[in-house]
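So the structure is just underneath, and the comments pick up after that.
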Amino acid sequence: MIDYRRLRVALLGAGAVGSQVARLLIEHADELADRSGAALELAGIAVRDVDAPRDVALPRELLTTDAETLILGSDIVIELMGGIEPARGYLLQALNSGADVVTANKALLATHGAEIFDAADQVGASVYYEAAAAGAIPIIRPLRDSLAGDRVNRIIGIVNGTTNYILDRMDIEGADMAGILADAQRLGYAEADPTADVEGYDAAQKAAILASLAFHTTVPLEAVHREGITGVTRQMMDAARHAGYVIKLVAVCERMVGRGAASDGEAISVRVYPALIRRDHPLASVHGVNNAVFVQAEAAGNLMFYGAGAGGVQTASAVLGDVVSAARRHIAGGAGVGESTRANLPTVDIGQVVTRYQITLEVDDRPGVLARVAGILSDGHVSIATVEQTVQEHTTTEPSAHSAGDAGSARLVIGTHKALEQDLGETVARLAEDDVVERVVSVLRVEGD
Ligand code: NAP
């Protein structure tokens, strides 16, 4: 048996992820020591309530409510409490005392990442956060290390399992969102208050983290444009399927050059919204609660990282990988490698984004309507790529606000070429006000071309 140097590990939090990390640290101690080159001694586990029932049996003597004392003298501090405070204060305390830290806390990194990375730089320590962006999927290390010599141009990620589960079932079953959300809550895939997931907040935090890494720029959470999935209807899903697409909530991190960029040089756009994805795109085959991150790099081309985006034991895998890395660095010595934020690229407003769109309109079914709609689009610098027209059966005897005389209704599904979001928004507003348009049914971006 090799007599490894001992490293003192403090664990903050023993919930869904923390309890699994504690179990694996204890059960796999010998293997982890061989891989790290250090004996990882779990010095204690900070929790709110040492008597709270836990799914995993943990040694009672390791549990404490005194996180500050536990952190003192630790070599590696693993933060799995979640939330901003006291997690932020504990991480800063750990870094200031020279410990390396491992965290899965996307909310904290997306809002206070710069402060935490600066604190690590000051003392030459490292911050590891593989579990913060897409659970068990290795994506932080590939972006930080494997692709460090390349230029990432775009990331499109399905980074929220709850919304992917909901949209996937709406697509497969042709069902409404409400019943599926209730199922997701029953199965533990969605919180009782699902706002963070369905309104895109969770995905926006992950997008900020991924964009910061990929573009070597600090991307504040406020710079991420965010739209959730609550406006996605069964009818929109059916129409998408009919047109050869699926609707997914995507986090898009994009390097922009030339038109659309806020400055003469490069800029970035970071945005979260439900978008149409072509059915033959690899992201279309991401089902259920799974996550995937599709990376387009200048030299490497297209790469796809796929797997479990959440789950206690799955996420613990990513955390333990970080713990081994932290231990190896501790043994090797030297300063940790800081975050690279030197590119410092500006982020552009959503209005400056250039993408393709699908606009669905209900219009009067009479001669000249198509030409009129095409004219409004052309005046607004939105060029048409495809048009599909179907005549609607009348479902009501009440004429709509705009309908003229006896004209029936037709549905127009217009696919555009790439257009500036600002132009598109103004053009859709003009369409909505025009006499021939009864209703703007939906406007969706198309991603992944
Ligand atoms: P969780 O189940 O809610 O567990 C939180 C743990 O932290 C509990 O053990 C709790 O103690 C402890 N805690 C909370 N506040 C504390 C305080 N003030 N002082 C001491 N201990 C405190 O959370 P989780 O699901 O494991 O998530 C942990 C982190 O991982 C979060 O940042 C989350 O975003 C991230 N993450 C989670 C997943 C996932 O699938 N769950 C996936 C990726 C990332 P008690 O047990 O005594 O209440």
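Throughout, read-outs are computed from the coordinates displayed, never taken from laboratory work. Keep in mind it's a predicted model, so treat the numbers as computed, not measured. Note that each Cβ is placed from the backbone with ideal geometry, even for glycine, and that neighbours are counted across all protein chains shown.
Things worth noting here:
- Highest-MSF residue in the chain out of Arg342, Arg141, Arg411 [GNM, Cα springs under 10 Å]: Arg342
- Over the chain: helical MRE at 222 nm, DSSP H runs n ≥ 4 each giving -39500 (n - 2.57), nearest 500: -10000 deg cm²/dmol
- Once C-alpha pairs closer than 8 Å and six or more residues apart are averaged by separation and normalised to the residue number of the chain, the relative contact order reads 16 percent.
- Extension gain, Val337 back to Val50 (0.36 nm per residue minus Cα-Cα distance, nm): 99.7 nm
- Nearest-ten-degree value, helix 106-123 long axis tilted from longest Cα axis of the chain: 40 degrees
- Normalised alpha carbon radius of gyration of the chain [divisor 2.2 N^0.38 Å]: 1.12
- Whole-number percent relative contact order across the range 1-140, with pairs defined as alpha carbons under 8 Å at least 6 apart: 21 percent
- In terms of packing, defined here as the mean over residues of other Cβ atoms within 10 angstrom, the peptides 215-222, 133-140, 178-185 line up highest first as 133-140, 215-222, 178-185.
- In the chain, the DSSP beta bridges split such that about 70 percent are antiparallel, to the nearest 5.
- Helix axis angle, 421-433 relative to the chain longest principal axis, alpha carbon, degrees: 40 degrees
- Between Thr315, Thr416, Thr65, the GNM of the chain built on Cα springs shorter than 10 angstrom shows Thr65 fluctuating the most.
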